Amino acid sequence: MHTSHSTYQMKISELGYLLHIYYGSRIDDEDLSGLLTHYDRGFSPNPNVAGRDRTVSLDVMPQEFSSAGVGDFRVSSIEAENGDLSRAFEGKYTGHWIYEGKYSLPDLPGLRVRENDRTDTLEAELKDPVSGLTVTLCYCVFENLDVITRTVRVRNGGTEPVRLTRIMSVTMDWLESDFDFIHFDGRHTMEREFHRDPLISGQQTIGSIRGTSSHQHNPFVILCGKDAGEEHGECYGFSFVYSGNFQCTVEKDQFDQTRLVMGIHPDRFSWKLEPGESFFAPEVILAYTDRGLTKLSHMYHDIFRTNISSNIYRNKKRPVLLNSWEAAYFDFRHETLVDMARHGAELGADLFVLDDGWFGDRNNDFCALGDWKENPEKLPRGLKGLAEDINELGLDFGVWVEPEMVSENSRLYREHPDWTLQIPGRPAARGRYQLVLDLSREEVQNYIVDFMDEMLSSANIAYVKWDMNRSISEVWSGGGNQGAVFHRYVLGLYRVLERIENAHPEVLFEGCSGGGGRFDPGMLYYHPQIWCSDNTDAINRLKIQYGTSFGYPVCTMGAHVSVCPNHQTKRAVPLGTRGIVAMSGTFGYELDPGKLTAREKEECRALTETYRTYSSLIDQGDYYRLESPYSGKGFTAWAFVSRDRREALVNVVITDKEPNGAQRYLKLRGLREDLRYHVERYDICRSGAALMRAGLPVDLGLGEYEGMQFAVTAVR
Ligand code: GLA
């Protein structure tokens, strides 16, 4: 398989195993199978069909999909309990097909094929000769986008039911292990921090069993050469298009080979396949480059800008929004909101978003989730009347919901206590005082679609913030197979989102899960932007947005200017810096603009202006990480560079200040060496080569948390 810059090669061995040979820089029409060597390796068993040949072992050979229980002792691609209760699967090649276009993946999101994409699919079938269990490996080559998507289909071709307890969507073997493992981990209010670890002997695993992809680990990882940096080196990206439990394991084996697997987390997963039934694993998007981490990020930015969401806002400028959450929390009335929006209009906002607290008795977070009817005291004219008054001011209107949840103190719970995930006889853990609705059930899915439909039809609502505020525990649903519930929940959620989107294609959806607890391509398929973190502190956001930028473009990252001292950290950061950081996402405000001083208002107006001036460059330009927030140099910097490389917007924030400190230099990237550029703020003209190689001195006069933003424009 060839993408524009990569080649992927596999081979059917003489004994019928599908061996992996190569994934890397493009090599045209070469048989690379000579890379595979065969030696007698002690304590690595030989398949029965190998007869007396002790040089063939599944424990050693690189494979496209590992067998299980038949002599490969590395981390496995599959675990299945056969009808006879044995747990063996031996994948023997039985056929393959190549066709134009992309494989179908029913009920699951995946990379979309756009009009001008050149796509071909390879399906390779592996069958266990005894149980009849059949695994079809599906590869879709997006040649022009330079990526390959993969998935796995399992079919019970035998006569007995099979229980699938582990199925990895991707298995990737390398013949070497000189890699670093980059992953993005954190916690609520501090998501996706960058971690880069050398491979160790044995296994390294990240994942989630919280029902969502989670704040703790993101389903995007990179394996890169030890010498790889932003500008150079080999990098492999793996992005899992799934919003529930996941696992990614990297193993360095006894011969310094590497295997990476990624898929649904096997803990508490068990899927029963009756004879003839199939299971579709979610998709993984693979990207490879030998040109460093920036290039790898750009590849994911490009595909997630164009090929994941179908929402009309995909290609449209996102509205500058004003969100009521940090401005008012639960404490507001119709008039106060309209007032807020009026001041918001003065800041230049396009959209006013009413966050939590507008429904039922929702005056705190103890109650009312599920009662999606306006609180008549707060909103006597309902969402409709409020939307009308906001629209009068020239702003669109948006609203917050948390449809997957229910408070025990709500009408919905009193009427349908059985609609929640709870184990009979075992009092359920609460998260933020709330329980989780069982989205695996059709009546619950219908209830959500119906109330959303009713709400969206009742008022002029242009935007919805879809929140999800707890990890899922006590997973149990009716009778039947409990090991399927986590996955059925995610499928139920996707079904609901699909139906709502289809019925209301004009609405912009922003995903949220206590900030970025479900920040993954599965959600981006439905929600073109996601609230990046509940932490709006601009200095912490530098790390959060830096980590997020490796796998996701800035147009997916919700980011707002909030007040100081910041509500999460109590830190005071200059307004200009808060603006610079928020405009490296989907820009907006999360404060009461009526409480700003005249000067602050003026400054915010100017920030909105600046954002509008540069929004195309920010959304469509290439994103460059210039100085990492972890570099220890006391500043962080990044830039947006236009596709023709004639224009850039450079951003710098001082994160740690010492008096009389070292002079630091900022080296730009992405410019053309041969062009001359005017550098705003410094008011100098320099060649691209000078700006990128020699750099610019970072102003020592800037104080802690101060920032600077300046344009760099080609003069000829
Ligand atoms: C979550 C979200 C916040 C806000 C609150 C409302 O924490 O991440 O942005 O919407 O819920 O309760």
Exercise. Provide the per residue accessible area, probe 1.4 Å, for segment 634-709, rounded to a whole number of square angstrom.
Key: 48 Å²
Practice problem: Calculate, for segment 6-306, the solvent-accessible area per residue in square angstrom, rolling a 1.4 angstrom probe over the heavy atoms of the protein chains. | Solution: 38 Å²
Quiz item: Using r as the Cβ-Cβ distance of Asp290 and Asp644, and R0 as 25 Å, what FRET efficiency do you calculate, to the nearest 0.05?
Solution: 0.55
Quiz item: Does anyone have the angle between helix 382-392 and the longest principal axis of the chain? Alpha-carbon axes, 0 to 90°, nearest 10?
Solution: 60 degrees
Exercise. At 7 Å along the Cα-to-beta-carbon direction for both Phe255 and Gln482, put a label point, then send me their distance in nm to one decimal.
Key: 4.2 nm
Practice problem: Please list, in chain and number order, the residues 5+ apart from Asp365 or on another chain whose amide H is under 5 Å from its amide H, with Hs placed from the backbone. | Solution: none
Practice problem: Just the ratio, please: alpha-carbon radius of gyration of segment 196-244 over 2.2 N^0.38 Å, N its number of residues. | Solution: 1.34
Practice problem: Run down the aspartates and glutamates and flag those whose C-alpha is under 12 Å from the C-alpha of Lys317, throwing out any fewer than 8 positions away in its chain. | Solution: Asp350, Asp619
Self-check item: Residue pairs, from the table Lys378/Lys465; Lys127/Lys295; Lys316/Lys595, whose Cα atoms sit over 26 Å apart
Solution: Lys127/Lys295; Lys316/Lys595
Quiz item: Relative contact order for the chain using alpha-carbon pairs under 8 Å, separation at least 6, rounded to a whole percent?
Solution: 10 percent
Quiz item: Can you pull the percent of segment 542-637's accessible area that's carbon plus sulfur, 1.4 Å probe, other chains left in place?
Solution: 50 percent
Quiz prompt | For the chain, calculated [θ]222 nm from helices alone, where every DSSP H run of n ≥ 4 adds -39500 (n - 2.57) | solution = -5500 deg cm²/dmol
Quiz item: Of all the accessible heavy-atom surface of segment 6-306, with the other protein chains kept in place and a 1.4 Å probe, what percent is carbon and sulfur?
Solution: 46 percent
Exercise. Can you tell me the FRET efficiency between Arg381 and Gln620 if r is taken as the Cβ-Cβ distance and R0 is 56 Å, rounded to the nearest 0.05?
Key: 0.90
Practice problem: Find the centroid of the Cα atoms in segment 622-669 and in segment 1-28, then give the distance between the two in whole Å. | Solution: 39 Å
Quiz item: Cα gyration tensor of segment 129-268, axes a ≥ b ≥ c as square roots of the eigenvalues: rounded (a/c below 1.5), prolate (a/b > b/c) or oblate?
Solution: prolate
Exercise. Using a/c under 1.5 as the rounded threshold, could you call the chain rounded, prolate or oblate? The axes a ≥ b ≥ c are square roots of the C-alpha gyration tensor eigenvalues, and prolate needs a/b larger than b/c, oblate otherwise.
Key: oblate
Self-check item: Estimated FRET transfer efficiency when R0 is 35 angstrom, pair Tyr665-Asn116 (beta carbons, to 0.05)
Solution: 0.25
Quiz item: Taking a probe of 1.4 angstrom, what is the accessible area of Asp350 in Å², to the nearest 10?
Solution: 50 Å²
Exercise. Would you kindly find the accessible area of His265, with a 1.4 Å probe and non-protein molecules such as ligands, DNA and RNA excluded, rounding to the nearest 10 Å²?
Key: 20 Å²
Self-check item: Accessible area in the full protein assembly, largest first, 1.4 Å probe, for Tyr526, Tyr630
Solution: Tyr630, Tyr526
Quiz item: Probe 1.4 Å, all protein chains in place: accessible area of Arg426 in Å², nearest 10?
Solution: 140 Å²
Quiz item: Ordering His487, His678 from largest to smallest accessible area (1.4 angstrom probe), what's the sequence?
Solution: His678, His487
Quiz item: If only Cα atoms are counted, what is the Rg of segment 224-310, and what is its Dmax, in Å?
Solution: 16.5, 51
Practice problem: Just check segment 6-306 against the gyration tensor rule for me: Cα atoms, a ≥ b ≥ c as the square roots of the eigenvalues, rounded for a/c under 1.5, and otherwise prolate or oblate depending on whether a/b exceeds b/c. | Solution: rounded
Self-check item: Angle between the chain longest axis and helix 292-306 axis [Cα atoms, degrees, rounded to 10]
Solution: 70 degrees
Quiz item: Sorting Met340, Met10 by accessible area (1.4 Å probe), largest first, what list results?
Solution: Met10, Met340
Quiz prompt | Stokes-Einstein diffusion coefficient of segment 319-620, Kirkwood radius over Cα pairs, 37 °C, 0.692 mPa s, in µm²/s | solution = 165 µm²/s
Quiz item: Which distance in nm do the two modelled labels at Asn48 and Asn460 give, with both placed 7 Å along the Cα-to-Cβ direction?
Solution: 7.4 nm
Quiz item: So who's got an amide H within less than 5 Å of the one on Ser562, skipping anything under 5 residues away but keeping other chains? H placed 1.01 Å off N, in plane.
Solution: Glu590
Practice problem: Restricting attention to the chain, give the cysteines that have no other cysteine Cβ less than 4.7 angstrom from their Cβ. | Solution: Cys138, Cys140, Cys248, Cys367, Cys512, Cys532, Cys555, Cys564, Cys604, Cys685
Self-check item: Accessible surface of segment 319-438 [probe 1.4 Å, protein heavy atoms]: carbon and sulfur percent
Solution: 48 percent
Quiz item: Once phi is turned into ³J(HN,Hα) by the Karplus curve 6.51 cos²θ - 1.76 cosθ + 1.60 with θ = phi - 60°, what whole-Hz value does each residue of segment 634-644 show in order, with x for glycine and proline?
Solution: x, 8, 10, 8, 8, 8, 10, 10, 5, 4, 7
Quiz item: To the nearest Å, what is the center-to-center distance of segment 48-114 and segment 131-190, using C-alpha atoms only?
Solution: 10 Å
Quiz item: What residues have an amide H closer than 5 Å to that of Phe359, excluding those fewer than 5 places away on the same chain, when H is modeled at 1.01 Å from N in the peptide plane?
Solution: Asn375
Quiz item: By how many degrees, 0 to 90 and rounded to 10, does the Cα axis of helix 538-549 deviate from the longest principal axis of the chain?
Solution: 30 degrees
Quiz item: From the phi of every residue in segment 410-424, what ³J(HN,Hα) in whole Hz does the Karplus formula 6.51 cos²θ - 1.76 cosθ + 1.60 yield, where θ is phi - 60° and glycine or proline is x?
Solution: 7, 5, 4, 5, 4, 7, 9, x, 6, 7, 9, 7, 8, 9, x
Quiz prompt | Integer Hz, Karplus 6.51/-1.76/1.60 couplings in order for segment 700-716, x for Gly and Pro | solution = 5, x, 6, x, 4, 6, 7, x, 9, 9, 8, 8, 10, 10, 5, 9, 6
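The values are calculated or read from the model by the stated rules, or taken from the named source; none is laboratory data. Remember, it's a predicted structure, so these values are computed and weren't measured experimentally. Quick reminder, even Gly has a Cβ in these numbers, built from the backbone with ideal geometry, and neighbours come from all protein chains shown. Remember, those area values only see protein heavy atoms, side chains included, never the ligands or the DNA or RNA. Shrake-Rupley method; radii C 1.70, N 1.55, O 1.52, S 1.80 Å.
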